[in-house]
Amino acid sequence: MLRLATWKICQPLTVAPSSPSSVVSDLFVWRNTTSFKTYFELTSIPSLFNRISTSEQYVTISIFNAYGVKVSDVKLSIDSCRRQTLDLSRILPKGLDSHGTFAVFHSHTPSPVRSLNSFVAERGYVGYSYNSSALLSYVHGNLDAIARSADTSLQMLGGNSLRRRSYMLQHLLKPPYNYEIAIVNPTKSTQDIRCDVLSLNGTLKQKFKTTLQSRALHLFQVSPCHELLKVVLHSKLIMARPLVFRSIYSGLDVFHG
Amino acid sequence: MSFFPILSAPSCVGRTTLSNFPPNNWEHLSKRPVFVNLTWSSDSLWHSFTFEELPFGMAKSYTLSDIPSNIPEGVLPLLSLSSSPLPERSEVIPSVPRPNQLPSWRASLELFSESASTSYQGELDPFPENASLLSFPPLIQTHPTIKNFLLFLNLEKSPIARNATLQIFRSADTSSRLDEFIIANNSITCVSLDSLNIQSNDLPVLVSKNMSGIPLFLAISDSCTSMSLEHTHPPASFVIHGKRWEAQKYLKIRWSSLLEII
């Protein structure tokens, strides 16, 4: 019990937004290259809780580059109880690199949610198209990473660990697939991340390091040649759960660790 | 640890990869080998069969044909890891430990064909028998060359077979039901969604008053060269902090009254 306390006390996975007017989003990954296109399934979460006025039928998409710097806020209208598949390439500013992060903020937290001292959170579904495939590979959001208050200021919600932790991906990397292990920084501070690639018997095969500013994204590239491999991420993130892109020319599989 | 189903779907084979190493370095520190079990329900009993040990640090993939057991056709095969063999028969699903929370101990749950595969990291724990389901899936792909399936995954403690009804509506038009399906407990129920005439801007809503589960959405290209598999979140995931499960209850009550559920 005491041993676990050193890993848990004052180290929540995410903190609550400081402003009661905030709305919350995951920090999603966008990719925009000749091979990858990114789509987001927009739905009006507030309209599922109660009827909302026309003036409240919008979302704000905040787009960040690979270094976590905000490059754009885009306000989009959405219909109640409808689905709208957003092609991110239509709203990404010109001249950006090939990948980065984005957040989807709803117009408000509806009153039935606010009365429970809760916040509306977008943890929705990103679809990736690979090599112009008509089929999208979907993956859901998994972390309440970032809050936006009524004055439009942003607050990172990811907690910091006192000690360095290891996240062992319970998925084996196998040839002939190419893997990209995507990790984002949901905290307000800069994070050092180490990615170890190991054989099944634990022999270190490759070691990568990166430093991630707040809201930034890094893709670790691993291409197993002859054997099954394991991936371990070391950092002071409470849970360095990566997004994994597994591709071969004919297809793509995307999933959370 | 939870249970890890071997999935099944049209034109695909299920493969589940179990790991005997924890997802983090601070919650579960055992380095012992574990037993690999197969569990299924039939004849109003849970049946379990322990068929091998998995050394610490290893992982291994299983399709149904890899397992030396003749289980009845159509049952949901559930793999698990445990420190001792599970009882051969029981009236309540055997208890398997859950050593991890951040994150949960997961397996790779995969569907594959000759030229494509799709997976997610998942686990399956028993749902309460009095639970209901509400889900808003924006995952149906309307391109004419893509086939869509709902794979409804349920597990309960009791092995006694029962059915429930799953209804699907357009959330923007709650007066007309698109269809309804029979779903079964302790099973994976596969439903083709392509005949429902769901449009690209429709947000479907799935409801079951008498059974909960995990709704998985499988999309397969005509040529079977690409696939996508993802599950939806429960409605509690629309909110964080505070009384989020009360928010889920509120949504279920609201949508139950909005939809003319029979």
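The dipole here belongs to the protein assembly as shown: it is taken about the Cα centre, uses +1 on the Cβ of Lys and Arg and -1 on the Cβ of Asp and Glu, and is about 1780 debye. Using a probe radius of 1.4 angstrom, the carbon and sulfur fraction of the accessible surface of segment B:107-262 is 51%. Normalised by the number of residues in segment A:160-256, the average gap of Cα pairs under 8 Å and 6 or more apart makes the relative contact order 42 percent.
Shielding by partners for peptide A:114-126, expressed as the average number of C-beta atoms from other protein chains within 10 Å of each residue's C-beta, is 6. Each of residue B:125 and residue A:149 was given a label point 7 Å from its Cα along the Cα-to-Cβ line. The distance between the two points is 3.5 nm.
The 3J(HN,Hα) values that the Karplus relation (6.51, -1.76, 1.60; θ = phi - 60°) gives for segment B:45-60 are, in residue order, 9, 8, 10, 9, 9, 8, 10, 6, 10, 10, x, 4, x, 9, 9, 8 Hz. Gly and Pro appear as x.
Mean projected area of the Cα convex hull of chain A, taken over all directions, amounts to 15.1 nm².
Using alpha carbons only, the radius of gyration of the protein assembly as shown set against its Kirkwood radius gives Rg/Rh = 0.94. With protein chains left intact and a 1.4 Å probe, residues in chain B average 40 Å² of accessible area per residue.
A dipole drawn for segment A:19-156 from +1 and -1 charges on Cβ atoms has a positive end, and of A:113, A:100, A:39 the residue lying farthest that way is A:39. For segment B:113-178, the list of chymotrypsin sites (Phe, Trp or Tyr not before Pro) that fall in a loop by DSSP and count at most 10 other C-beta atoms within 10 angstrom is empty. Among A:158, A:127, A:202, the residue with the largest mean-square fluctuation in a Gaussian network model of chain A, with springs joining Cα atoms closer than 10 Å, is A:202. Neighbouring Cβ atoms from other chains, within 10 Å of the Cβ of residues in A:64-76, number 0 on average. Taking Cα centre as origin and charging only the Cβ of basic (Lys, Arg, +1) and acidic (Asp, Glu, -1) residues, the dipole magnitude of chain A rounds to 660 debye.
The base-10 log of I(q)/I(0) for segment A:19-156, evaluated at q = 0.12, 0.18 Å⁻¹, reads -0.46, -1.01 [Debye formula, identical scatterers on Cα atoms, solvent excluded]. Under a 5 Å amide H cut-off, with hydrogens placed 1.01 Å from N, residue B:183 pairs with B:164, B:165, B:166 among residues at least 5 apart or on other chains.
Peptides B:189-199, A:212-222, ordered by how many other C-beta atoms sit within 10 Å of their residues on average, highest first, read A:212-222, B:189-199. Loop-resident trypsin sites (Lys or Arg not before Pro) (DSSP state other than H, G, I, E or B) in segment A:1-105 with no more than 15 further Cβ atoms inside 10 Å of their Cβ: A:51, A:94.
Take the accessible area of A alone and of B alone, subtract that of the pair with a 1.4 Å probe, and the total buried over both chains is about 5500 Å². When only Cα pairs below 8 angstrom with a gap of at least 6 residues are kept, chain A shows a relative contact order of 23 percent.
Once backbone amide H atoms are built at 1.01 Å from N, residue A:236 has A:165, A:192 as its partners under 5 Å, excluding neighbours fewer than 5 places away on the same chain. Starting from segment B:50-118, pick out the GluC sites (Glu not before Pro) whose DSSP state is loop and whose Cβ has at most 12 other Cβ atoms within 10 Å. Qualifying residues, ordered by number: B:73, B:88, B:91, B:114. What is the list of residues in segment B:16-38 whose amide nitrogen lies under 16 Å from a point 7 angstrom out from the Cα of residue B:95, following Cα to Cβ? Backbone N within reach: none found.
Spherically averaged projected area of the convex hull of Cα atoms, segment A:117-257: 10.3 nm². Taking Cα atoms, how many degrees apart are the long axis of helix B:244-258 and the longest axis of chain B, rounded to 10 and kept between 0 and 90? Helix B:244-258 and the main axis of chain B meet at about 40 degrees.
The values are calculated or read from the model by the stated rules, or taken from the named source; none is laboratory data. Just so you know, these numbers come straight off a predicted model, no measurement behind them. Reconstructed Cβ throughout: ideal geometry from the backbone, glycine too, with neighbour counts over all protein chains shown. Just the protein is used for accessible areas: all its heavy atoms, side chains included, with ligands, DNA and RNA removed. Shrake-Rupley method; radii C 1.70, N 1.55, O 1.52, S 1.80 Å.
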